[in-house]
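**Q** Just dropping this structure here.
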Amino acid sequence: MALIQWDSSFSVKVAEIDRQHQKLVFMVNELNDAMKQGKGKDVLGGIVKGLITYTGTHFNTEEKYFHRFGYPEIDSHKKEHAAFVKKVSEFKDGFEKGTLGLSVEVMTFLSDWLKNHIKVTDMKYSQFFNEKGLK
Ligand code: FEO
């Protein structure tokens, strides 16, 4: 069973952003499956890199709209993004150096962060964006 099960409670009612969130959920699930299947470091490392790159793309999309529409909670939201990027980069460095393995704890952190961030922090802009015509 997938680590994160997508359902309508994840929807921020903005099609482009929902699609990106679904892709992030897919990638976290893919990483979890690969870890459970005992895939090698190269395979796992490739998925981690892809996840980091796509996370950056996604955060840039949200932040572009924050600036465009003058979203009032931009600073606190961007801080959450930056903290996550830092944490995942540290994880990637440790993984590449061999000082940190991919574990159930790491996967739990990733999935909990993503679920919480989408359902609590991202959800706060849903109505704001819709009112600006972004759907
Ligand atoms: Fe969907 Fe704020 O990340």
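The values are calculated or read from the model by the stated rules, or taken from the named source; none is laboratory data. Not measured: the values here are computed from a predicted model. Counting neighbours? That spans all protein chains shown, and the Cβs are built from the backbone with ideal geometry, glycine included. With ligands, DNA and RNA removed, areas are computed over all heavy atoms of the protein, side chains included. Shrake-Rupley method; radii C 1.70, N 1.55, O 1.52, S 1.80 Å.
**Q** Would you work out if the range 1-93 is rounded, prolate or oblate? Take a ≥ b ≥ c from the square roots of the eigenvalues of the alpha-carbon gyration tensor; rounded if a/c is under 1.5, else prolate when a/b is larger than b/c, oblate otherwise. Show your work: numbers first, answer last.
**A** Numbers: a/c = 2.67, a/b = 1.55, b/c = 1.72.
Oblate, because a/c is 1.5 or more while a/b does not exceed b/c.
**Q** Something else: In degrees from 0 to 90, rounded to the nearest 10, what is the angle of the helix 104-116 Cα long axis to the longest principal axis of the chain?
**A** Tilt relative to the chain: about 10 degrees.
**Q** How far is helix 74-97 tilted, in degrees, relative to the longest principal axis of the Cα atoms in the chain, given as a value from 0 to 90 rounded to the nearest 10?
**A** The two axes meet at around 10 degrees.
**Q** Within the range 93-135, whose backbone N sits under 13 Å from a point 7 Å along Cα→Cβ of K13?
**A** Backbone N within reach: 123-135.
**Q** Set the Förster radius R0 to 30 Å, insert the Cβ-Cβ distance between S103 and A82 as r into 1/(1 + (r/R0)^6), and round the FRET efficiency to 0.05. Please report the intermediate quantities before stating the final value.
**A** Values: r = 24 Å, r/R0 = 0.80.
Rounded to the nearest 0.05, the efficiency is 0.80.
**Q** Within 9 Å, Cβ to Cβ, of H77, how many net charges do the neighbouring residues add up to if Lys/Arg are +1 and Asp/Glu are -1?
**A** Summing Lys and Arg as +1 and Asp and Glu as -1 gives -3.
**Q** Of all the accessible heavy-atom surface of the range 53-135, with the other protein chains kept in place and a 1.4 Å probe, what percent is carbon and sulfur?
**A** Working: 2470 of 4660 Å².
Carbon and sulfur atoms account for 53 percent of the accessible area of the range 53-135.
**Q** Does the range 74-117 come out rounded, prolate or oblate by the C-alpha gyration tensor, with a ≥ b ≥ c the root eigenvalues, rounded set by a/c under 1.5 and, if not, prolate when a/b is larger than b/c and oblate if not? Working shown, then result.
**A** Working: a/c = 5.21, a/b = 1.61, b/c = 3.23.
Oblate, since a/c reaches 1.5 and b/c is not below a/b.
**Q** Once every DSSP H run of n ≥ 4 in the chain is given -39500 (n - 2.57) and the sum is divided by its residues, what mean residue ellipticity at 222 nm do you get, rounded to the nearest 500 deg cm²/dmol? The partial results should precede the final answer.
**A** Details: 5 runs with 97 residues, N = 135.
For the chain, the value works out to -24500 deg cm²/dmol.
**Q** For the range 111-135 and the range 1-57, compute the distance between their C-alpha centroids and round to whole Å.
**A** Each part's Cα centre sits 17 Å from the other's.
**Q** Within straight cross-link reach of K36, meaning Cα distance under 29 Å, which lysines are found once same-chain residues fewer than 8 apart are removed?
**A** Correct list for K36: K23, K49, K86, K87, K92, K97, K115, K119.
**Q** Just to be sure I understand the model, the point goes 7 Å from the Cα along the line to the Cβ. What's the resulting V43 to K132 distance in nm?
**A** Label at V43, label at K132, 4.2 nm between them.
**Q** Something else about it: Given 0.36 nm per residue, what is the gain on full extension from D75 to M1 after removing their alpha carbon distance, in nm? Don't skip to the end; give the middle numbers.
**A** On the way: separation 74, 0.36 × 74 = 26.64 nm, distance 3.61 nm.
Here the answer is 23.0 nm.
**Q** If you place +1 on the Cβ of every Lys and Arg, -1 on the Cβ of every Asp and Glu, and leave all else neutral, what size is the dipole of the chain about its Cα centre, to the nearest 20 Debye?
**A** Details: 20 positive and 18 negative charges, 34 e Å.
Rounded to the nearest 20 debye, it is 160 debye.
**Q** Which net charge results when you count Lys and Arg as +1 and Asp and Glu as -1 among the other residues whose beta-carbon is under 11 Å from that of T99? If you can, show how the numbers build up before the last one.
**A** Working: positive: K97; negative: E90, D93, E96.
It works out to a net charge of -2.
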